[in-house]
Amino acid sequence: MGEPTSFGKGRYAVVRRLGEGGMAVVYLATDKRRNIPVAIKVPLPGLLVHGKVIERFSQEAETHGRVIHPNVAVMLGTGIDLSADGTRVPFMVIEYVGGMTVDAIIRDPSQGGFGPMPPEVAGRILLVALGALRVMHGNGVLHRDIKPANVMVGWNTVGWKASRWDEGAVKLMDFGIARHTEATDRKTGTKVVMGTEGYIAPEQFRNTKSVDHRADLY
């Protein structure tokens with residue numbers, strides 16, 4: 001199966017692939033109706049036949065859609081396309097945030113990064129992220145995968161050489177394993193560990209379902 005050229009019956013024209021994770025791939029696309037760049041997230045082709053994957057994808061869209069905050073990437077909508085063989089392909093339309101992840105920023109310059117981040121800049125990013133988490137947690141949403149790769153920083157802040165700090169340039173991304181505290185979370189087995197090793201709280205190794213806001217703060 002080749003790369004898609006559009007989504008939403010041609011409304012979203014694919015520009016290029018932005019990245020790929022264990023469950024989904026993200027494309028940069030142009031919303032031809034509004035003439036703005038957007039990010040399109042879609043399950044990996046090989047996973048489309050698994051009902052639980054589609055259910056979890058739907059749960060992600062619902063949970064992400066509950067979060068409205070200046071420092072969280074906006075969920076713009078969802079849709080379903082049909083592939084050439086008739087397979088249903090669900091997708092999410094998410095605000096495109098230009099910039100670099102914190103993970104990319106702190107890489108060695110030989111790898112395209114800027115090296116270690118000065119404490120004052122790291123502190124600014126952290127405070128903004130905590131502000132977003134406070135609102136999310138107040139609305140019952142747990143991210144469960146807070147890590148440098150899921151925090152995007154806008155171009156006018158990258159490299160800490162900007163003339164001024166722009167709090168709107170920091171965005172929390174990727175609600176792939178987020179959940180609402182009122183959800184039953186039936187898609188996750190009790191003994192299934194979800195999250196990224198090295199960043200998840202110890203209690204998340206024991207039981208992903210039972211963690212609360214403290215796991216995000218960890």
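Please identify which residues in the range 1-35 have an amide N closer than 18 Å to a label point set 7 Å out from the Cα of residue 84, following the Cα→Cβ vector. Answer for the range 1-35: 1-10, 14. Estimated from the Cβ-Cβ distance and a Förster radius of 22 angstrom, the FRET efficiency linking residue 16 and residue 107 is about 0.55. Solvent-accessible surface of the chain, taken per residue with a 1.4 Å probe and all protein chains present: 54 Å². When 30, 208 are compared by accessible area at a 1.4 angstrom probe, the order from most to least is 30, 208. Looking at the chain only, what percent of DSSP beta bridges run antiparallel? Nearest 5 please. Of those bridges, close to 95 percent are antiparallel. In the range 67-117, the C-alpha radius of gyration followed by the widest Cα-Cα span (Dmax) gives 17.2, 48 angstrom. Once you list every other residue whose beta carbon is under 14 Å from the beta carbon of residue 74, what net charge do they have if Lys and Arg are +1 and Asp and Glu are -1? That sum, taken over residues with Cβ under 14 Å, equals +1.
In the chain, the DSSP-assigned H stretches of four residues or longer account for a calculated mean residue ellipticity at 222 nm of -6500 deg cm²/dmol, using -39500 (n - 2.57) per stretch and the full residue count as denominator.
The relative contact order of the chain, computed from alpha carbon pairs under 8 Å that lie at least 6 residues apart in sequence, is 16 percent.
The values are calculated or read from the model by the stated rules, or taken from the named source; none is laboratory data. Since the structure is predicted, the reported quantities are computational estimates derived from the model, not experimental observations. Please note: Cβ atoms are built from the backbone with ideal geometry, for glycine as well, and neighbour counts cover all protein chains shown. These accessible areas exclude ligands, DNA and RNA; they are computed on the full protein's heavy atoms, side chains included. Shrake-Rupley method; radii C 1.70, N 1.55, O 1.52, S 1.80 Å.
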